[in-house]
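Below: one structure, written as structure tokens.
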Amino acid sequence: MKAIEDLVSLLTRLPGIGRKSALRMTYYLLKADQGYTQALAERIGSLQGEIHFCSICGSYTEVDPCAVCTGLDRDRRIICVVEQPQDVLTIEASKEYKGLYHVLGGLLSPLDGIGPDKLRIASLVHRVREGRSKENSHDSVSENHKAMVEEVVLATNPTVEGDTTALYIRKVLEREGVRVTRLATGIPVGGDLEYADRLTLARSFRGRMPL
Ligand SMILES: [Zn+2]
């Protein structure tokens, strides 16, 4: 039946969903309450229209700039650099970190043709510099918003690409006079930030090392 086959082939494009799971979902949806299937379809259809990327940090947000970038309770002297928008949510859940974020949108991978120009590295340098030039000007921005960036924490995953990217960014920031640190202990080598538990992540932040 074409309708079933079409849905199955759409579902198998989702991460971690094989044909067997897709079939199970499809049969479930066939029997499910219509209110649910309609809500699900509408939610999927409107998701990309409602969630945007923050124009400052690159994280997911409904309002641009995001709540972290505009938050008065955030420590604006520190920027945590992560690979993906979802990493921001993972770190926020640890409740250990109160600084700002910068999402790279990927990692350096020369073999896949991903060079520095494909990542949000230039905008990171711009943010570090901008804080510095604001410090010297006498505009009416609140004291908190004027704070100069003093530290950049590199929280890319401890994989070959993650390490390569971290080292590249450290080099780029060398002349900016900012402290560059890297999440240290706790994250398993080759592991993924997304799967680190809160306590591990909290310990990693406290144990961050100069890079
Ligand atoms: Zn933001």
Practice task
Averaging over all projection directions, find the projected area of the Cα convex hull of region 2-50 and quote it in nm² with one decimal place.
Solution key: 3.8
Exercise for the section: Would you mind telling me which residue in HIS102, HIS52, HIS126 has the biggest mean-square fluctuation in a Gaussian network model of the chain, where springs connect alpha carbons within a distance under 10 angstrom? Expected result: HIS126
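Mind scanning LYS20/LYS95; LYS2/LYS31; LYS118/LYS171 and naming the pairs with a C-alpha gap bigger than 27 Å?
Checking Cα-Cα distances, LYS20/LYS95 exceed 27 Å.
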Exercise for the section: Quantify, in whole percent, the carbon and sulfur part of the accessible surface of region 1-126 (1.4 Å probe; protein heavy atoms only). Expected result: 59
Fill in the blank from the handout: Candidates GLY115, GLY45, GLY177; GNM for the chain (alpha-carbon contacts under 10 Å) flags as most fluctuating GLY45
Handout entry: Most mobile of TYR36, TYR27, TYR60 in a GNM of the chain (Cα contacts under 10 Å)
Key = TYR27
Problem - Solvent-accessible area per residue for the chain (1.4 angstrom probe, square angstrom) - result: 61
Exercise for the section: Give me the distance in nm between label points sitting 7 Å out from Cα along the Cα-to-Cβ direction at ARG43 and ASP192, one decimal. Expected result: 2.1
Fill in the blank from the handout: Percent relative contact order for the chain, counting Cα pairs under 8 Å at least six residues apart, stands at 16
Fill in the blank from the handout: Cβ-Cβ cut-off under 13 Å around VAL8, Lys and Arg +1, Asp and Glu -1: the net charge is +3
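The values are calculated or read from the model by the stated rules, or taken from the named source; none is laboratory data. Keep in mind that what you see is a predicted model, and the values were worked out from it rather than measured. Using ideal geometry, Cβ is built from the backbone for each residue, glycine included, and neighbour counts are taken over all protein chains shown. Protein only, heavy atoms only, side chains kept; ligands, DNA and RNA dropped before computing areas. Shrake-Rupley method; radii C 1.70, N 1.55, O 1.52, S 1.80 Å.
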